[in-house]
Amino acid sequence: MKTTKETVENIVWKACDTFRGSIDSSVYKDYILSMLFVKYLSDFVKEKTAELKKKYGENEGILSRSLLRMAYKISEVSSFDYLYSMREENNIGEIINTALREIEKQNPDKFEGIFNNIDFNDSNKFGNTKTRNSILKNLLEDFNDPALDLSPSALDNNDVMGDAYEYLIKNFAGDAGKKGGEFFTPPEVSMLMAKIVSYNREGGLKVYDPTCGSGSLLVKVYKELGGNNCTIYGQEKNSQTYSLCRMNMYLHEIRDKAIIEWGDTIKEPKFLDKNGNLERFDIVIANPPFSLDKWGEEIVEKDNYKRFEYGIPPKSKGDYAFVLHMINSMSSNGITAVVMPHGVLFRGASEGTIRERIIEDNLLDAVIGLPNNLFYGTSIPACILILKKDRKEKDILFIDASVEYEKGKNQNRLREEDIEKIAQAYKDRKDIEKYCRRASIEEIKENEYNLNIPRYIDSFEDEDNVNLKSINKEIDVLYKEHDDLSMKLGSILKDIKL
């Protein structure tokens, strides 16, 4: 029986019960996903090794060379099977750590430092030796489920591991609240952005996410472009999330087509050309942290990349710092899609100046208003800004997609039809009553460069006919309740002699 995405999801999500109640999911996700990655690599190598031994078993020389050319190298003492066999040992945490370091050493070009932030022997997270050993033993037993066969021939299709990994990251984000949401963009929003930036784009593209998190946005764009004609680049500040992103690239079989760097994009951008200037990309896409405080304003005067010529964002809100970085990372015909809080559309002071200059230079292509409560960790509504170099249009497209969505218990979500409607409206660039409208630059100037969507789209529905008799009856009831409560209050105050 083939291993399906649902099989992986169910088994691994069940394994989380080992940690629930003792460790926050924003922490234990790293251990769960790292063990899944080890299991995937181990099953891959085990199957490929068996195939090569069957084929070249009688020729040691050819067999040895073939084994060296395999995509991954996993020694016997770093394999999942070995770890499972050692599950009863009193120092199982140390044994797992040693195996992770061995995997890094055997695959330096691929996995150097990928497990740097993972310590399975951490007493602060797992408790004393007895408790730690019990937790790790249960974890290994959960992952040893016979149904969790992750070898290439067992997987239902090539997307099983990548899709399961995305599912797990999404569920960790929802489970962990604000802490978890920092590293994940909802898949529906990622898909919408991927469709927009990929429209009419083909051939040797370079795709960049300066705040790539777990890499979901990059993966969606890669898939939307067909995967064969682009290279993706990402930078992530959080070291643990950086590691998750690198694993994510391998599980989606993007591998050498992905270049992921670790560091603060504003303070220390990693992607530079041979002259030390910012590298330029055909597609730039991001969901930066909303209104980041202390985003790095102290480096503005020493910024060698001329990113702040339009103005300096306020210290307490770094939204436009990321927008300016992305503008300066676009190629001459590049496109940017960035998720932002609505405040960037209308806030004044330095943000107003930056917004005005972006509009005056004809860089802003579209503003898309999204429903509230889509993003993990915040319920505030967000928008997507689309920016382009070499724009021919002299207007800005506004889309109000805030009222069409599926309501969820904890998170709302865009449905497939919602995504298609927004993407089609962007492509067609035609006015649709109460939904989208092109506003001229002159009109926007008259509005003092305020981009608040209701200024350009009247999306309010007409009120139904008002039933005055019914309203008058309700008013009478309210007045009566008011009188009754007043009498009771007077009686109470009298009793206590006030």
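The values are calculated or read from the model by the stated rules, or taken from the named source; none is laboratory data. Everything numeric in this text was worked out from a predicted model, so none of it was measured. Note that we place each Cβ from the backbone using ideal geometry, even for glycine, and neighbour counts take in every protein chain shown. When the accessible area is computed, the model is the full protein with side chains, heavy atoms only, and any ligands, DNA or RNA have been set aside. Shrake-Rupley method; radii C 1.70, N 1.55, O 1.52, S 1.80 Å.
Here are a few things to note about the model shown:
- Normalised per residue, the volume of the convex hull around the Cα set of segment 154-296 (Å³): 121
- Taking each of Lys125/Lys170; Lys237/Lys407; Lys315/Lys394; Lys220/Lys274; Lys170/Lys237; Lys392/Lys427 in turn, the alpha-carbon distance tops 21 angstrom for Lys125/Lys170; Lys237/Lys407; Lys315/Lys394; Lys220/Lys274.
- Shape of segment 20-104, Cα gyration tensor, a/c cut at 1.5: prolate
- Share of carbon and sulfur in the accessible heavy-atom surface of the chain [1.4 Å probe, %]: 46
- Sequence-distant aspartates and glutamates (8 or more away, or on other chains) whose Cα lies within less than 17 Å of Lys73: Asp43, Glu47, Glu51, Asp81, Glu102, Glu104, Asp109, Glu112, Glu253, Asp256
- Cα centroid separation, segment 12-32 to segment 399-413 (Å): 29
- Inter-centroid distance (Cα atoms) of segment 140-167 relative to segment 246-310, Å: 32
- Length-normalised contact order for the chain - Cα pairs under 8 Å, 6+ apart - percent: 11
- The spacing between segment 358-377 and segment 39-88, judged by their C-alpha centroids, is 49 Å.
- Share of Cα-Cα pairs in segment 239-348 lying beyond 24 Å, as whole percent: 29
- With R₀ fixed at 22 Å, the C-beta to C-beta distance from Glu104 to Glu253 puts the FRET efficiency at about 0.60.
- Solvent accessible area, Å² - Thr4, 1.4 Å probe, full protein context: 40
- Straightening the chain between Glu446 and Lys14 buys 149.8 nm, computed as 0.36 nm per residue apart minus the Cα-Cα spacing.
- Cα gyration tensor, segment 297-394 - rounded (a/c under 1.5), prolate or oblate: oblate
- Computed E for Glu416/Asp159 - FRET, C-beta separation, R0 22 angstrom, nearest 0.05: 0.80
- For segment 247-406, the antiparallel share of DSSP beta bridges with both residues in that region comes to about 60%.
- Where chymotrypsin sites (Phe, Trp or Tyr not before Pro) fall in DSSP loop in segment 283-355, at most 11 other Cβ within 10 Å: none
- Hydrodynamic analysis of segment 120-227 uses the Kirkwood radius over alpha carbon pairs. Inserted into Stokes-Einstein at 4 °C and 1.567 mPa s, it gives a translational diffusion coefficient of 77 µm²/s.
- Prolate/oblate/rounded label for segment 35-176 (Cα gyration tensor, a/c 1.5): prolate
- For segment 365-424, the Cβ-based charge dipole about the Cα centre amounts to some 200 debye (Lys, Arg positive; Asp, Glu negative; other atoms uncharged).
- Accessible area per residue for segment 342-423, computed on protein heavy atoms with a 1.4 Å probe, is 42 Å².
- Stokes-Einstein diffusion for segment 205-251 at 20 °C, viscosity 1.002 mPa s, with a Kirkwood radius from C-alpha pairs, works out to 202 µm²/s.
- Antiparallel bridge percentage (DSSP; both residues within the chain; nearest 5): 50
- Spin-label proximity, Asn90 to segment 121-162 - amide N less than 16 Å from point 7 Å beyond Cα toward beta carbon: 128-134
- For segment 186-327, DSSP calls about 10 percent of its internal beta bridges antiparallel.
- About the centre of its Cα atoms, the chain shows a dipole size close to 780 debye [charges on the beta carbon of Lys, Arg (+1) and Asp, Glu (-1) only; nearest 20 debye].
- Net charge over other residues, Cβ less than 12 angstrom from the Cβ of Asn447 (K, R count +1; D, E count -1): -2
- Take the Cβ atoms of Arg391 and Asp273, set R0 to 25 Å, and the FRET efficiency comes out at 0.60.
- Out of every Cα-Cα pair that the chain contains, those further apart than 30 angstrom amount to 55 percent.
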